[in-house]
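One structure below.
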Amino acid sequence: MSSGPGYAYSSRRVMRALANFNGRKLLVSWGLMTAYGMALLGTGIFLAAAMTQDDVSFGDDGWTVAVGFYMFAIFTMVATNYAALRDRREGTSEQHESLPADSRVRSGGLVLATAWPFIAATVLLGVVTAVTAVWLVVPSGVQLMAVIQTMVFVATLGTLGVALATWVPNPFVAPVVAFALFIVQTPEAPAGWHVVFPLAHLGSVYLAGWHTIYLLGLTLIFAGIALVRSGARRWAVAGLLVGSVAVGVSLAVMTTQVCSGSTCLF
Amino acid sequence: MVWWAPAIALGLSVILVAVRRGEGVTLTAQATAILMAMSVGFALDDPSYELVAPSPSSLLHRRRWRVLVIVPPTAVAWMALVWWQGPSDSEETWVLAAMFAGLVGLSLGVAGAAGRRSRGRGGPVVAPIILVALILSSALPPRWRPMPMGDVPGGWSALYIRWWSVAVVGVLMLLVSSRDPARRRVLRAR
């Protein structure tokens, strides 16, 4: 009768170990290497402008940093998807089925491994923000919220990569989604529904906070979708429900408050 | 033979053209060209790469058949999509065709080189490399862009030359990466 809690404890330990193992592999994978390159390219263009031009500001010229980290998030999705498809690619699914750690534990390890790219993005963006604050000017509240949203977006797309691999185990799907995210643009005429775009830049701290909650909700939904593939567990279903509520409430708040008349806070 | 990637790309391209028909022919044609070129790289993916490596049929021979089976139908499908959109300028159509050729060449070259290092599974790295190449190209000033998606100094001829150069580089990469691995080892042993 005591095997239940013991098994749960052992599963959590194995999941953590798998998350650390997969996370470390992710950090040095070709996908993340490309992601670092994109982030450094965007940051480098901004720093070069700051060194060679006068009146450079984070608000007007920092978009290259934002685009660099947007690409970081996209390549994180490609990398997590590639990592999650490893078993299928190498033909080791059946061998791993024979291990004591079941598929739920392995999926959990993959989802938790996205914490590593998230930490990498947080450290890199933290350094860029700190350097900007010391060198140029302290970013405003809205700009800081945009930085936080970009960090969360890395985790959102990381979990999306795992979810895609578990439900559509095809190596061409993640690149297509990456391409779609690459070419998608917010339409020029502002409208309330534009808040659904992942990096919609909202002009008030309050709404930007709700947009961060929206991204966190999406992250929970993608993580839940990835986990329920191998059998619904209470915490996976709870994550899905909490994520759905967060997305629903945040979208309701943002769409009703972002535009008043013809003026929108983008 | 890997048909699913070109099939997915064709399906999405048809939807894209149907949705955007009549507005922005160039942008839609470029998007469908990138999508279909990314899928062509999967044609060289070969799960039996190691098993058939010692067979009398060389790597180049096997890859040549895969390219011949996948590339012509994909090119015909893409041209049909462009024709469906109804481009107004024939010069622009030929430049778009050169861009498609360049992207397909690059896709095959990257897939060939990556497949040689990953036991015949180079397809998944094609799309990220094409995207990175396009981003890096766009980050350069127009006169230095090797893969221009818009106007560059020199007009149509500059666009032709650059995209056909990309195609040639891609094909050369494919040919170099398709040398017989076993033959190389014998020469080294001498």
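Read-outs throughout are calculated quantities, based only on the coordinates presented, and are distinct from any laboratory measurement. Since this is a predicted model, take the numbers as computed values, not measurements. Here the Cβ positions follow ideal geometry from the backbone for every residue, glycine too, while neighbour counts run over all protein chains shown.
Would you mind pulling out the separation of the Cα centroids of the range A:62-77 and the range B:1-41, in Å?
24 Å
Name the most mobile residue of A:Thr159, A:Thr256, A:Thr43, meaning the one with the largest mean-square fluctuation, in a Gaussian network model of chain A with Cα contacts below 10 Å.
In this elastic network of chain A, the residue with the biggest mean-square fluctuation among A:Thr159, A:Thr256, A:Thr43 is A:Thr256.
With charges only on Cβ, +1 for K and R and -1 for D and E, what is the dipole size of the range A:45-185 about its Cα centre, in debye, rounded to 20?
Working: 5 positive and 9 negative charges, 80 e Å.
About 380 debye.
Hey, can you rank A:94-105, A:204-215, A:23-34 by average C-beta count inside 10 Å, highest first? Walk me through the numbers before you get to the answer.
Values: A:94-105: 12.9, A:204-215: 19.6, A:23-34: 18.1.
Averaged packing, sorted descending, gives the order A:204-215, A:23-34, A:94-105.
Pairing the Cα long axis of helix B:123-139 with the longest principal axis of chain B, what angle in degrees results, from 0 to 90 and rounded to the nearest 10?
Compared with the principal axis, the helix lies near 40 degrees.
Remind me, relative contact order of the range B:1-148 in percent, using alpha carbon pairs under 8 angstrom and six or more residues apart?
Working: 156 pairs, mean separation 46.0, N = 148.
Value for the range B:1-148: 31 percent.
Give me the inter-chain shielding for B:123-136: mean count of other chain Cβ atoms within 10 Å, whole number please.
Numbers: counts 3, 11, 7, 3, 9, 13, 2, 2, 11, 6, 0, 1, 9, 3.
Per-residue shielding by partner chains comes out at 6.
Just order B:72-81, B:163-172 by mean Cβ neighbour count inside 10 Å, highest at the front, would you? Intermediate values should be presented prior to the final figure.
Values: B:72-81: 15.7, B:163-172: 18.1.
Going from most to least packed, we get B:163-172, B:72-81.
Which distance in nm do the two modelled labels at A:Thr256 and A:Ala17 give, with both placed 7 Å along the Cα-to-Cβ direction?
5.0 nm
Taking chain A as a Gaussian network, Cα atoms linked when under 10 Å apart, which of A:Leu220, A:Leu144, A:Leu199 shows the biggest mean-square fluctuation?
Evaluated over chain A, the most mobile residue of the options is A:Leu144.
Cα-Cα pairs above 27 Å in chain B: how many percent? Could you put the intermediate results ahead of the total?
Working: 5574 of 17955 pairs.
The answer is 31 percent, as a whole percent.
For B:39-52, what's the mean count of beta carbons from other chains sitting within 10 Å of each residue's beta carbon? Walk me through the intermediate numbers first.
Details: counts 3, 0, 2, 4, 0, 0, 2, 0, 2, 0, 0, 0, 0, 0.
Counting Cβ atoms of other protein chains within 10 Å of each residue's Cβ and averaging gives 1.
Give me the percent relative contact order of chain A, please, defined on Cα pairs under 8 angstrom at least 6 residues apart. Write down the numbers at each step before the final one.
Values: 351 pairs, mean separation 56.5, N = 266.
It rounds to 21 percent for chain A.
Among B:Pro54, B:Pro124, B:Pro146, which one moves the most in a GNM of chain B with springs linking Cα atoms closer than 10 Å?
Top of the fluctuation ranking is B:Pro54.
Among all helices in chain A defined by DSSP H, which have a length of 27 Å or more along the axis from Cα atoms plus a Kyte-Doolittle mean of at least 0.0? Spell out each step's value before the answer.
Details: long enough: A:3-27 (35 Å, -0.44); A:30-52 (32 Å, 1.36); A:63-84 (31 Å, 1.31); A:115-135 (29 Å, 1.86); A:141-167 (38 Å, 1.58); A:205-228 (34 Å, 1.82); A:234-257 (34 Å, 1.36).
Membrane-span-like by this criterion, though nothing is claimed about a membrane: A:30-52, A:63-84, A:115-135, A:141-167, A:205-228, A:234-257.
Only four residue types carry charge here, +1 at the Cβ of Lys and Arg and -1 at the Cβ of Asp and Glu. Report the dipole size of the protein assembly as shown about the Cα centre in Debye, rounded to the nearest 20. Could the numbers behind the result be given before it?
Numbers: 32 positive and 19 negative charges, 445 e Å.
Dipole of the protein assembly as shown, to the nearest 20 debye: 2140 debye.
Using a 10 Å cut-off around each Cβ of peptide A:171-184, what is the average number of partner chain Cβ atoms that fall inside?
Working: counts 11, 15, 2, 3, 15, 8, 0, 4, 10, 4, 0, 6, 7, 0.
Mean inter-chain Cβ contacts per residue within 10 Å come to 6.
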